[in-house]
Amino acid sequence: MQTPTHRRFVWGPLLPGAMVAATLIYAMTSVLAPDLIDEFGFTKARVGWILAIFSITSAAASPIAGRVTDRIGSRAAMLIIFASSGIGFLLFSQGVGFYTLAGATLIIAFAQALGNPATNKLIATQFEAGERGLITGIKQSGVQVGTLVAGLSFAAIAAASSWRTVPILAGLFMLALALYGWRVLPPDARIESSDNGPAIGGKAQLPRSVPLLAIYALLMGLGGSALFGFMLLYAVEQIDISDLNAGFLVAISGAVGTPARIGAAILADRTGKPLPLLVGLSGFAVASALALLGANAGGYPLLIVGAVLSGVGVAAWNSVAMLAVINDAGPELAGRASGVVLSGFLSGLAISPPIFGYSVDATGSYNLGLSVVGMLFAAAAIVVTFAIRAGR
């Protein structure tokens, strides 16, 4: 049963807040990497392994997290997101080396694994079909908002005091959100059993589109993590762009990605056809890889084109895919289905960057890696066409 609109204004901001809690560790570790290297003598690989361990753990836990969400409900799962991330950030602030820092991220990994299952289930139970596009887009934009805040403030905070102040503030903020959520999050609506199985979806069969969406998410995660992770280095090292101008590329991609996520989700909701839109977004992603490759001859202007296209295709697909999961799985299976799709995406995030980096080391060029990235995006579009044929 949906809550009244005026009540949603009270707890609605917790949806993007949960996505910030689930993903902020990526941006924080990136911003604080120089400080961690200075204090602990880490290599760049060791910093990368902190996030790799986090991503691998989240990917492995996501299918279980989806089932847990369906069993305990979205309210309890949301509270676990804020509490686990808060505790994890506070422990991170007390790290004395690689293993303690990585261990702290394992606690935050529970928030990452629960992020989409909990928020998607809450949307499925508390919003009507015609309302879900906007709120899903806003929810998914929390990732970009957290990254923007981290980029604008974390380095300054660390410089003014200590790098440890950053995770302390982040942890206290997450625990404050947990207390706020305890007060205002709506109770879970009772979900009646359907012909497919029990209300919690323990043995119910997932829609045929869900496994295909998981493969799609894996392919987009493989391509997207490599593209975003190495776009700046590619611009500096191979196209010979200054660090400052290369940084603008990341900002452009993020600035385009936030409204693109919201707009794409609204469009998918209004048309009622999110999967065909995913094909188009994958096309934008392919074009972004081609534009970046074209910068070998076209220089900085094509880099800008590639950054804009990546903000549309590589960022916006996530909100559309989550909307497809919500609509296909329904309230009964939203958590479980989201966990399956999220597991594919996080697996891509964990696997791709080191392989891409190895290809650069082995060939002395980014061209092979970017070519493969474009192929991955094209393969994702093909997978979605199979999902459309599977019953959409």
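Inside the range 209-231, residues that are farther than 20 Å from LYS273 by Cβ and among the hydrophobic types (A, V, I, L, M, F, W, C) make up a count of 8. Of the residues ALA150, ALA170, ALA160, ALA178, the single one that is small (Gly, Ala, Ser) and over 21 Å from the mean Cα position of the chain (by Cα) is ALA160. Might you let me know whether the range 293-308 holds any residue that is outside the structural domain of ILE138 (by TED's automatic domain parsing), touching a residue at least 40 places away in the same chain (Cβ under 8 Å) and not in a helix (DSSP H, G or I)? Yes, there is a match, as at least one residue in the range 293-308 is outside the structural domain of ILE138 (by TED's automatic domain parsing), touching a residue at least 40 places away in the same chain (Cβ under 8 Å) and not in a helix (DSSP H, G or I). Does LEU79 qualify as being in contact (Cβ under 8 Å) with a residue 40 or more places away in the chain, assigned to a helix (DSSP H, G or I), in contact with a Leu (Cβ under 9 Å, 6 or more places away or on another chain) and assigned by TED's automatic domain parsing to the domain that holds GLN144? Yes: the conditions hold for LEU79. For residues in the range 251-287 being surrounded by 23 or more Cβ atoms within 10 Å (Cβ to Cβ) and without any contact (Cβ under 8 Å) to a residue 60 or more places away in the chain, which is farthest from ARG389 (Cα to Cα)? Selected residue: ALA260. Filter the range 118-162 down to the residues that are at pLDDT 85 or above and charged (D, E, K, R), then identify the one that is farthest from ASP35 (Cα to Cα). Selected residue: LYS121. A count restricted to the range 219-236 and to residues that are buried (at least 24 other Cβ atoms within 10 Å of the Cβ) and aromatic (Phe, Trp, Tyr) stands at 1.
The values are calculated or read from the model by the stated rules, or taken from the named source; none is laboratory data. Everything quoted here is computed from the prediction, not taken from an experiment. Neighbour counts run over all protein chains shown; Cβ positions are idealised from the backbone, glycine included.
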